[in-house]
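The values are calculated or read from the model by the stated rules, or taken from the named source; none is laboratory data. If you're wondering where the values come from, they're calculated on a predicted model, not measured in any experiment. Because the Cβ atoms are built from the backbone with ideal geometry, glycine has one as well, and the counts that use them run over all protein chains shown.
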């Protein structure tokens, strides 16, 4: 990777992680647009999720409903999203170099 | 606007999964041809940024909040709505599997709404208005992307018998018309920031000059 690309990645990740840390402190805890509409007009019974996520509702279960647990879990998610995107995009490029070889 | 489990009948979630998988096939083909060494990290940084921004719920009136989707941002930066499909697919999959945000059965519908529909709407509005004024086009692309996606959610939930048609469209449309102002503003700020630090990463700078700026 070129130096300026590396700089962009590091800078971009720092911005994302700062947002992730601040999010649970600054974000509104009001229901979002879909939840808010559902509270008023839902015609069916709400059901439980199909499976229990490891960090449900962006909280670390051991830390309860603290903004700290929120910050930790959102930072973890931000890094997972970054790595998963690198993985998927790199895989797509790998297919190209493979089809060029043949 | 992440649809949870239980809001859509399973056979309908299956249809949305099929549409989304077809879209992902085209999106991966786009990636294969268009991603180079410096656009993989750009895409990954955008995925990280959008994940974090989606956790930042902004309050709007009526005791409601909302967050940006980011699909218009990605589509404009990369000059392709397929890029938005890929990034939102990654972000929504991570949210669903690790954080229980959006149902696993509804993941196909969520990628369809927030990736495909928001991405294509945002990109279409941007392309249509780009020549009039670049930054107005970017703002309106962001606004329209989330507004149209919310109407798609309302229609899906009405087809499922989960929301009534009229009230679903009114509530979803009203809330997201307001949240869209934030989406438009953040899209403008994010693209301004990239324009300032790395203009060569923006698709329109790549095509305008024929070769890449700042190489």
Q) residue A:83 passes all but one of (1) within 8 Å of another protein chain (Cβ to nearest Cβ); (2) more than 12 Å from the chain's Cα centre (by Cα); which number fails? A) (2)
Q) Within segment B:60-76, how many residues are surrounded by fewer than 24 Cβ atoms within 10 Å (Cβ to Cβ) and either farther than 25 Å from residue A:48 by Cβ or more than 11 Å from chain A (Cβ to nearest Cβ) (or both)? A) 3
Q: Please give the helices (runs of 4 or more DSSP H) falling wholly within segment B:31-119 in which 2 or more residues are under 14 Å from the mean Cα position of the chain (by Cα) and modelled with pLDDT under 95.
A: none
Q.
Looking at residue B:172 and the list (1) more than 10 Å from chain A (Cβ to nearest Cβ); (2) part of a helix (DSSP H, G or I); (3) more than 25 Å from residue B:40 (Cβ to Cβ), which single condition is not satisfied?
A. (1)
Q: Considering each of B:93, B:162 in turn, give the residue that is in contact (Cβ under 8 Å) with a residue 12 or more places away in the chain, within 19 Å of residue B:49 (Cα to Cα) and surrounded by fewer than 22 Cβ atoms within 10 Å (Cβ to Cβ).
A: B:93
Q. Any idea which of (1) free of Cβ contacts under 8 Å to residues at least 40 places away in the same chain; (2) within 7 Å of another protein chain (Cβ to nearest Cβ) is the one residue A:64 doesn't satisfy?
A. (2)
Q.
If a residue must be at pLDDT 90 or above, at the interface with another protein chain (Cβ under 7 Å from one of its Cβ atoms), more than 15 Å from residue B:95 (Cβ to Cβ) and within 24 Å of the chain's Cα centre (by Cα), how many such residues does segment A:32-58 contain?
A. 3
Q: Return the total of residues in segment A:25-73 being in a helix (DSSP H, G or I) and exposed (fewer than 15 other Cβ atoms within 10 Å of the Cβ).
A: 9
